[in-house]
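Engineer: This is the structure I have questions about; it appears just below.
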Amino acid sequence: MKVLLTGATGYVGKLVCAGLGQRWDMVGVSAHADEAQGLYRCDLADAEQVRLLSQRIVPDVIIHAAGDKNLARCEASPSAAYLANVQTTINLAQSFPDARIIYISSDYVFPGDRGGYREDDPLGPVTVYGRTKACAELAGLTLSERFYVLRLSALYDGNATFLRFVRESLMRGDTVNCFEDAFYSPTYYGDFLIVLERLVEAPVLARRIYHACGQRISRYFFAKIFARASNLEQSLIRQSSRLSENAPFIFSDISLENTLTCESLDVSVGRHQEYLSFLELHS
Ligand SMILES: NC(=O)c1ccc[n+]([C@@H]2O[C@H](COP(=O)([O-])OP(=O)(O)OC[C@H]3O[C@@H](n4cnc5c(N)ncnc54)[C@H](OP(=O)(O)O)[C@@H]3O)[C@@H](O)[C@H]2O)c1
C-alpha cells in the first residue's frame, strides 16, 4: 500500500508517521519539508506544484492532514485560510483522481451550539476556519468519488498543547482556569489511528464521512481528570465561564457523536480517564 501523507511535519502528521509509518509504504509531504529527510516539499495550494508531485508519486491513498488550524490567523486572513484548507484539497482531488483521499477535517464545521453532532448532520460553521474546512469537505466530496472525510475533535497525546500547558502550570504551582461551560469530545490519538487505519485499508467504505472523537466532556473536567491521572494538584484547576471571558472561538458544545462510524468500521472508544492514565504511565 503506497500512502502519501500531507502535513507530515505537523502535529497530526507526526502522530500518523509515528503510529502507522511502518505499516505502509508511506511518504510525507509538506510546504517547507526538507527533501534530504525523505519528504517531498510542495506547496499544495499551488496547482502546478501538485500536478508535478503527481508525476513523482502514484499513491493508493492520500491522507490529507495539511492545513491551517490556527483560528485567529484564519479570521485575520480568510484568503490565506482558503488557500491552506480549501485550495490544497481541490488540487489534490484534481491531480490524484485515482487515489483514495482521506481528508482530516474538524468539529468546527458545526456551529457549536448544541453538541452531539452526527456524521450526517448539516454543517453550520461560524468561524473562518470552520467555513474553510466545510468548504474543503464539500469540494472534495464533489470532485472525487474516492474522497472521504474524517472529522476530529481536539486531538491529544501526551504532548498536546493544552495538556502540556496544564502540566507545566500545575508543576509551577500556578492555578489554571478552565471553562466548565464549554463541552467538546477530544480525540485520543490511539482511537484516531485505529479509525484511520481502517479507512486506509478497507477494500470498500460504506460511508463518505466519519468521526473520530472521544466522550463528551467539559474543558474543566478534562483538565481535572488529567491532573488526577498525572498526580498533580487538582485543586489548582479552577472553574471559569466562557461567558465571563473573551473566548471567541470556544463554543458551548461542539462535541461530536460517532455511532455511525463505530458501527460502520467496527470500532469502539474508551474513556478519557483510562487514556490519560495510560499516557502518564508511559510519559
Ligand atoms: N490538531 C488537531 O487537534 C486537529 C483537530 C481537528 C482537525 N485537524 C486538522 O488537521 C490538519 C493538521 O493539523 P495539525 O494540528 O497537524 O496542524 P499543524 O501542526 O499546524 O501542521 C500543519 C501542516 O500542514 C502543512 N501545510 C500547511 N499549508 C500547506 C501547504 N500550502 N502546502 C503543503 N503543506 C502545508 C504544514 O507544512 P509546513 O510545516 O512544512 O509548513 C504542516 O505540515 C488541519 O487541517 C486541521 O484542520 C487538527
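Engineer: Within the range 203-259, how many residues turn out to be in contact with a Lys or Arg (Cβ under 6 Å, 6 or more places away or on another chain) and open to solvent by 30 Å² or more (accessible area, probe 1.4 Å)?
Structural biologist: Residues in the range 203-259 being in contact with a Lys or Arg (Cβ under 6 Å, 6 or more places away or on another chain) and open to solvent by 30 Å² or more (accessible area, probe 1.4 Å): 3 in total.
Engineer: Which of the residues spanning the range 1-59 are part of a strand (DSSP E or B), away from the ligand (no atom under 13 Å from the Cβ) and surrounded by fewer than 20 Cβ atoms within 10 Å (Cβ to Cβ)?
Structural biologist: Taking the range 1-59 and keeping what is part of a strand (DSSP E or B), we get 2-6, 25-30, 40-41.
Narrowing the set further to residues that are away from the ligand (no atom under 13 Å from the Cβ) leaves 2-3, 25-27.
Within the range 1-59, LYS2, ASP25, VAL27 qualify.
Engineer: For the condition in the same structural domain as LYS14 (by TED's automatic domain parsing), within 20 Å of LEU5 (Cβ to Cβ) and of a type in the set (D, E, K, R), what is the one hit in ARG151, ARG208?
Structural biologist: Details: ARG208 fails: within 20 Å of LEU5 (Cβ to Cβ).
It is ARG151.
Engineer: Collect the residues in the range 146-188 that are modelled with pLDDT under 95 and touching a helix residue (DSSP H, G or I) at 6+ places or on another chain (Cβ under 6 Å), keeping them in residue-number order.
Structural biologist: Result: GLY158, single match.
Engineer: Let me ask something else about it. Select, from PHE192, PHE221, PHE165, the only residue that is within 15 Å of the ligand (Cβ to nearest atom) and farther than 23 Å from LEU150 by Cα.
Structural biologist: Numbers: PHE192 fails: farther than 23 Å from LEU150 by Cα; PHE221 fails: within 15 Å of the ligand (Cβ to nearest atom).
One residue alone meets the criteria, PHE165.
The values are calculated or read from the model by the stated rules, or taken from the named source; none is laboratory data. For clarity, every value in this text was computed on a predicted model and none was experimentally measured. Backbone-built Cβ (ideal geometry, glycine too); neighbour counts: all protein chains shown. Accessible surface is based on the protein model in full, side chains and every heavy atom, while ligands, DNA and RNA are left aside. Shrake-Rupley method; radii C 1.70, N 1.55, O 1.52, S 1.80 Å.
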